[in-house]
Amino acid sequence: MLKEYFKNTWDGIWTVLIGMKVTFRHLFIPAVTIQYPDVKVPLPERVRNRLYVNMDDCIGCDQCSRACPVECIEIETVKSIPGEDLGITSNGKKKALWVTKFNIDIAKCCYCQLCVFPCPTECIYMTDVYEFSEYERENLIYKFATLTEADVKEKKLNYEKFAAEKEAQKAAAAKAKPETPVQTAT
Amino acid sequence: MALKTETMVLNMGPQHPSTHGVLRLELELEGEVIVNVKPHIGYLHRCFEKHAEVMTYPQVIPYTDRMDYLASMSNNFGYVVAVEKLLGIQVPDRVQYIRVIMAELQRIASHLVALGTNGLDIGAFTPFLYLFRDREHILSLFEMTCGARLLYNYMWVGGLSHDIHPDFVRLTKEFVNYFRPTITELNNLLTFNKIFIERTANIGILPLDTAINFGATGPVLRGSGLAFDLRREDPYSIYDRFNFEIPTGKGLVGTIGDCWDRYYVRVLEMEQSLRIIEQAIDPIPEGDVQSAIPKRVKPPKGTVYSRTENPRGELGYFIISDGNVNPFRIKVRGPSFVNLELMGELCKGHLVADVIAILGSIDIVLGEVDR
Amino acid sequence: MYQFLFNITGNEIIAGLITACIPLVFILIFVLFAVWFERKVSAHMQDRLGPMRVGWHGVLQTVADFVKMLQKEDIIATEADRKLFSIAPVLVFAGSFAAYAAIPFSSKLLGSEVEVGIFYVIAISSLVVAGILMAGWSSNNKYSLLGAMRSAAQIVSYEIPTALVVLSMVMLTGTLSLDKMSQMQTAHFWDWNIFGGPTFGFAKFLLIPFMFVGFLIVYISTLAEVNRTPFDIPEAESELVAGYFTEYVGMKWAMFMLSEYANMFSVSAIITILFFGGYQSPVGYLGNTLGAPALIPFEQGIWFIAKGIFFVFVQMWLRWTLPRLRVDQLMTVCWKYLIPYAFINLIIIGIITLL
């Protein structure tokens, strides 16, 4: 009983002194803080921050929008009429769709990177920009499409005209087909 | 004539000074002694299981990250093992080795937070900062591999999202050598400190049969003396190829099953994780980490329940598939949810100041409790 | 000091006022320094940097905090007792400040030359307890009241080991006056009380271990009197009750902080006077070697402040190393461990002094 009393006293004092030695040693270890706005940490190459889309390469396949778990990518496309040249992507594919709307709501994005992998031309990727705060919420919807309003209207009109013409042609062809006699088996 | 006394009800509100999240504890006190504790949860419910019903199987993985946000790799691991069982595919060895290394690194990182916040609640401010500085090394290893520091989306169904960086093996070995002395430093500063022992020994004693009856798992169960670890009992992935011990509580400075035992089990588990990493880091076989990833994940009709060892206990995923690209139902057995029930049992007869020590030793994360 | 000023000005009141203001000025400057020092010490112990932006390495940070507190709105709860609420911080600060009257900063700078120095200091520090209880009660908040009662119990209990050790030192030196005690420990460090006192002899070496025990006991008890970790139940966000100064904002809260740091320095000062030679230098005086005896009081003042700051540093060091004790454990340490050791120490030192 008395032995436990003295042991408690000794333990109390000795462990406190060991702890004090540890903290004292740390007084002389240089600090690990980085003074942020003046000094920035170098980021590794695979880092996942703000999304960027290179519209020259986008073929409007909608794969990234379908892969996104929070539905932050909105894509609208218009088919092009034959004879129009939209150019080719950097890995040789010929583009066939006008991308009229490509909005990414970066406030919804969860930085999971699931949209980067399905892209056939690797035009959507994550950059290392992490300082992109805005004062208005609406400024966080990034609009990547490069067609102007007038362009968009024109392309839509073109396609509708083309589709209507094709419909008319098909209807005319069906009407103008002569009655073919049914071949009876002999 | 006996005095009619009433118990006083005290509310430890959803906002805590300690860092466990939004949890409301309703304490019934008789003077200073606690008669009953009722936890009220649900403040962080984000409908994970409902979301999972409209996502495809690969799209669920970022959502599993966010349940137990301090141990994202382990959450991913559990889900991916479950879906692969349902699909019946085998992943290449390289993927298995890397998954084990990532899970063990994540276990160390999660225990560092648990130990640091446990000390912070008791009043020791410095070990918290030392442990977070060590955690930075692990997080920069993860950032080098997959680009994110906290919510990784790294383990995919059938493989991994990225192969490891060429420098990863060397830096991990450096980390292992760096980390061993810091565990000794933590022991000197906090674990064997007399004041810390006074605050946590013989507090919140959990007898073994109560633990089993309540369904506690993880360090809470091992602190009561039973060497039950899912990596040994029900080995998933390639855990049966590694040598490691399972630390249990032995009542070194108090009784078996008190708060100090649970704390010390976590310290010893970190050392065992270092052992596993050392054994796994050298023999990583060559291969392609994305070769077994299916084009479309469309498991056949069926159900599966698979369980893995999260740093906090047994994490179970029960998936019902009806042949579609979306799961029909995913139910998650969160270890913190089950362990939280022990609060009422453990706090009886203790003082108000001990409630925080007990809560810190059970180590809950509200994201997992509420999902 | 009073005599000196009286000779200069010839007016009692002005001389008295100036003598009283000198420790006040010292306290204000010391608190400015101590808050910055604590933040820097804690930061470097935790491998981080602390305040860096306001002034060179953050020296003006305390000034910035002070200006912020000055411009805060003074909120008093409706149900609170207004008179007591406003008087409480003043009383707490007055108790801490009044103790400086008997503490000698150097052989010429002494607030008031009372013969009962140490007795006066212990008595007037108890005024702080009344202030704390007033603060807790008038807040009309049951958690504040609980915190105040715990703090009052803590301070009152830990005064007993302090008084016992002080009594043993008084027995050894034979005087209650702090000034005389400092003068008795003549100017070499082996004459300090911690090493047995100025009179050379067999008794001196016998006393050394008991002096060390006495020093430890009084250091721990004064830590508890100042409410520092590991005894800071009333101060830290102690789990769920938030202490007796929850309801205070702005300047009133600043008064509590001022009084805490003033207390820290005054107990460090008492410890240096009792055990470590007060204002005497360990290595002799520059004034003596240079032949300018007028320099000596200034040197003594510098040595005294340096020793005081060293003990304040050790208090901060302990704060950032140790976890907190629970309230009942705090009381156990006092009544079951410190008081028996202090009693036995007292008896043994008394016997040795008789030899």
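The values are calculated or read from the model by the stated rules, or taken from the named source; none is laboratory data. A quick note: this is a predicted structure, and the numbers were derived from the prediction, not measured. All Cβ positions, glycine included, derive from the backbone under ideal geometry; neighbour counts span all protein chains shown.
Could you look through the range B:117-126, keep only residues that are of a type in the set (A, V, I, L, M) and in a helix (DSSP H, G or I), and pick out the one that is surrounded by the fewest Cβ atoms within 10 Å (Cβ to Cβ)?
Once the filter is applied, the top-ranked residue is B:120.
Output the helices (runs of 4 or more DSSP H) that fall wholly within the range C:260-355 and possess 3 or more residues being more than 14 Å from chain B (Cβ to nearest Cβ), or say none.
C:286-290, C:296-319, C:339-354
Among the helices (runs of 4 or more DSSP H) lying completely within the range B:150-245, list those that include at least 2 residues that are free of Cβ contacts under 8 Å to residues at least 40 places away in the same chain. Talk me through it step by step, then tell me what you get.
Values: elements: B:168-186, B:194-200, B:208-214, B:219-222, B:230-233.
So the answer is B:168-186, B:194-200, B:208-214, B:230-233.
Condition first: assigned to a loop (DSSP other than H, G, I, E, B), under 26 Å from residue B:57 (Cβ atoms) and either in contact with a Gly (Cβ under 8 Å, 6 or more places away or on another chain) or more than 8 Å from every other protein chain (Cβ to nearest Cβ) (or both). Can you find one or more residues in the range A:20-42 that meet it?
Taking the range A:20-42 and keeping what is assigned to a loop (DSSP other than H, G, I, E, B), we get A:27-42.
Next cut, under 26 Å from residue B:57 (Cβ atoms) only: none.
No, the range A:20-42 has no match at all.
Does the range A:130-155 hold any residues that are modelled with pLDDT under 85 and either in a helix (DSSP H, G or I) or closer than 21 Å to residue A:111 by Cβ (or both), and which are they? Talk me through it step by step, then tell me what you get.
The initial filter retains those residues of the range A:130-155 that are modelled with pLDDT under 85, namely A:144-155.
Within the range A:130-155, A:144, A:149, A:150, A:151, A:152, A:153, A:154, A:155 qualify.
Going by what's in this entry, would residue C:121 be described as farther than 18 Å from residue C:268 by Cα, hydrophobic (A, V, I, L, M, F, W, C) and either more than 14 Å from chain B (Cβ to nearest Cβ) or assigned to a strand (DSSP E or B) (or both)?
Against the criterion (farther than 18 Å from residue C:268 by Cα, hydrophobic (A, V, I, L, M, F, W, C) and either more than 14 Å from chain B (Cβ to nearest Cβ) or assigned to a strand (DSSP E or B) (or both)), residue C:121 does not qualify.
Filter the range C:28-52 down to the residues that are more than 14 Å from chain B (Cβ to nearest Cβ) and either at pLDDT below 85 or in a helix (DSSP H, G or I) (or both) and list them by number.
The answer is C:28, C:29, C:30, C:31, C:32, C:33, C:34, C:35, C:36, C:37, C:40.
Kindly check whether there is at least one residue in the range C:249-258 that is away from every other protein chain (no Cβ under 14 Å), free of Cβ contacts under 8 Å to residues at least 24 places away in the same chain and surrounded by fewer than 18 Cβ atoms within 10 Å (Cβ to Cβ).
Within the range C:249-258, none of the residues are away from every other protein chain (no Cβ under 14 Å), free of Cβ contacts under 8 Å to residues at least 24 places away in the same chain and surrounded by fewer than 18 Cβ atoms within 10 Å (Cβ to Cβ).
Go through the range A:43-73 and count every residue that is within 12 Å of chain B (Cβ to nearest Cβ), touching a helix residue (DSSP H, G or I) at 6+ places or on another chain (Cβ under 8 Å) and not in a loop (DSSP other than H, G, I, E, B).
The qualifying residues number 1.
Filter the strands (runs of 3 or more DSSP E) completely within the range B:1-116 down to those with at least 3 residues that are at pLDDT below 90, of a type in the set (Val, Ile, Thr) and surrounded by fewer than 24 Cβ atoms within 10 Å (Cβ to Cβ).
Of the strands (runs of 3 or more DSSP E) lying wholly inside the range B:1-116, those with at least 3 residues that are at pLDDT below 90, of a type in the set (Val, Ile, Thr) and surrounded by fewer than 24 Cβ atoms within 10 Å (Cβ to Cβ) span B:33-40.
Output the residues belonging to the range C:125-165 that are farther than 17 Å from residue C:95 by Cβ and either β-branched (Val, Ile, Thr) or outside the structural domain of residue C:261 (by TED's automatic domain parsing) (or both).
Those that are farther than 17 Å from residue C:95 by Cβ and either β-branched (Val, Ile, Thr) or outside the structural domain of residue C:261 (by TED's automatic domain parsing) (or both): C:160, C:165.
Which one of B:371, B:312 is touching a strand residue (DSSP E or B) at 6+ places or on another chain (Cβ under 9 Å) and of a type outside the set (A, V, I, L, M)?
Details: B:312 fails: touching a strand residue (DSSP E or B) at 6+ places or on another chain (Cβ under 9 Å).
Result of the check over B:371, B:312: B:371.
Restricting to the range B:341-364, count the residues that are farther than 19 Å from residue B:122 by Cβ and crowded, with 23+ Cβ neighbours inside 10 Å.
Of the residues in that region, 0 qualify.
Looking only at strands (runs of 3 or more DSSP E) that lie completely in the range B:250-340, which have at least 1 residues being of a type in the set (S, T, N, Q)?
Qualifying strands (runs of 3 or more DSSP E): B:302-310, B:313-321.
Within the range A:97-116, does at least one residue satisfy the condition of being more than 14 Å from chain B (Cβ to nearest Cβ), touching a residue at least 40 places away in the same chain (Cβ under 8 Å), among the aromatic types (Phe, Trp, Tyr) and part of a strand (DSSP E or B)?
Looking for residues that are more than 14 Å from chain B (Cβ to nearest Cβ), touching a residue at least 40 places away in the same chain (Cβ under 8 Å), among the aromatic types (Phe, Trp, Tyr) and part of a strand (DSSP E or B), one finds at least one in the range A:97-116, hence yes.
Considering only the range B:124-167, how many residues are facing chain A (nearest Cβ under 8 Å), β-branched (Val, Ile, Thr) and more than 20 Å from residue A:130 (Cβ to Cβ)?
Result for the range B:124-167: 1.
For the range C:5-51, name all the residues that are free of Cβ contacts under 8 Å to residues at least 40 places away in the same chain and either touching a Leu at 6+ places or on another chain (Cβ under 6 Å) or among the basic types (Lys, Arg) (or both).
C:15, C:18, C:39, C:40, C:43, C:44, C:48, listed by residue number.
Does any residue in the range C:59-78 that is under 17 Å from residue C:257 (Cα atoms) come within less than 6 Å, Cβ to Cβ, of a residue that is part of a loop (DSSP other than H, G, I, E, B) six or more places away or on a different chain, and which pairs are these?
Every condition considered, the pairs that remain are C:61/C:51; C:61/C:54; C:64/C:54; C:72/C:249.
With respect to residue C:348, is the statement that it is more than 13 Å from residue C:219 (Cα to Cα), in the same structural domain as residue C:178 (by TED's automatic domain parsing) and in contact (Cβ under 8 Å) with a residue 40 or more places away in the chain true?
Yes: the conditions hold for residue C:348.
Just give me the residues in the range C:115-134 being of a type in the set (Gly, Ala, Ser) and at pLDDT below 85, in sequence order. Talk me through it step by step, then tell me what you get.
If we filter the range C:115-134 for residues that are of a type in the set (Gly, Ala, Ser), which is where we start, we get C:117, C:123, C:125-126, C:130-131.
C:117, C:125, C:126 - these are the residues of the range C:115-134 that are of a type in the set (Gly, Ala, Ser) and at pLDDT below 85.
What's the total number of residues in the range B:124-162 that are over 26 Å from residue B:82 (Cα atoms) and in contact with an Asp or Glu (Cβ under 8 Å, 6 or more places away or on another chain)?
Total meeting the criteria: 4.
Residues in the range A:139-151: is at least one among the aromatic types (Phe, Trp, Tyr), over 25 Å from residue A:49 (Cα atoms) and under 21 Å from the mean Cα position of the chain (by Cα)?
There is no residue in the range A:139-151 that is among the aromatic types (Phe, Trp, Tyr), over 25 Å from residue A:49 (Cα atoms) and under 21 Å from the mean Cα position of the chain (by Cα).
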